[in-house]
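Rule-based calculations on the coordinates, nothing more; no lab input. Keep in mind it's a predicted model, so treat the numbers as computed, not measured. Backbone-built Cβ (ideal geometry, glycine too); neighbour counts: all protein chains shown.
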Amino acid sequence: MTNEKKIEWLLRVGVAGEFTGHGLLAVGGKADWIKWISQMTGADASMAANLLLIIGVADVIMALVILVRPIRPLLLWMGFWGFWTALVRPLVGVGWLDFIERSANWAAPLALYYFYRSRNSRQFSIKH
């Protein structure tokens, strides 16, 4: 296996692991997250729990897609989503350190996106 392939798979596993873990916590109805959704949207706890369940299932599906057949636009969404969910912490009063600690939640999907973008650019320039 080439070093490039190793880097790709490390990023894929990292991104998939992060989204699987958070997705399963969401499906399990993590109490803090329900509270934060209510706080940010004004939804009652029941609606917030339902939204969290949908988000969790979507996170797990995205993780599986990245493992099976990565889609570059999906990686952009995952980068945005990772940034937003990290940013929620200071917005609900948890603190900026919790945002900083979660930098990999958005940086890893973007790194994988740019890895593929760079690889495709090199392949295109070699072929033409």
Residue pairs within 7 Å by beta carbon, gap of at least six or interchain, first lying in the stretch 63-80 and in contact (Cβ under 8 Å) with a residue 24 or more places away in the chain and within 13 Å of residue 14 (Cβ to Cβ), second of a type in the set (Gly, Ala, Ser) and part of a helix (DSSP H, G or I), listed first then second, are 63/16; 63/23; 66/16; 67/16
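So which residues in the stretch 1-45 are over 30 Å from residue 115 (Cβ atoms) and either touching a residue at least 40 places away in the same chain (Cβ under 8 Å) or assigned to a helix (DSSP H, G or I) (or both)? Don't jump to the end; show me each part of the working.
Kept after step one, since they are over 30 Å from residue 115 (Cβ atoms), are these residues of the stretch 1-45: 28-32, 34-45.
Result: 31, 32, 34, 35, 36, 37, 38, 39, 40, 41, 45.
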Among residues of the stretch 67-103 being small (Gly, Ala, Ser) and outside any loop (DSSP other than H, G, I, E, B), the residue surrounded by the fewest Cβ atoms within 10 Å (Cβ to Cβ) is 103
Can you say whether residue 46 is polar (S, T, N, Q), out of contact with any Leu (no Cβ under 6 Å at 6 or more places or on another chain) and either surrounded by fewer than 13 Cβ atoms within 10 Å (Cβ to Cβ) or within 27 Å of residue 9 (Cβ to Cβ) (or both), as far as the supplied structure shows?
yes
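Residues are listed down the side, and each one gets a yes or a no for (1) under 15 Å from residue 114 (Cβ atoms); (2) over 15 Å from the mean Cα position of the chain (by Cα); (3) not β-branched (Val, Ile, Thr):
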| residue | (1), (2), (3) |
| --- | --- |
| 49 | no, yes, yes |
| 58 | no, no, yes |
| 70 | yes, no, yes |
| 75 | yes, no, yes |
| 82 | yes, no, yes |
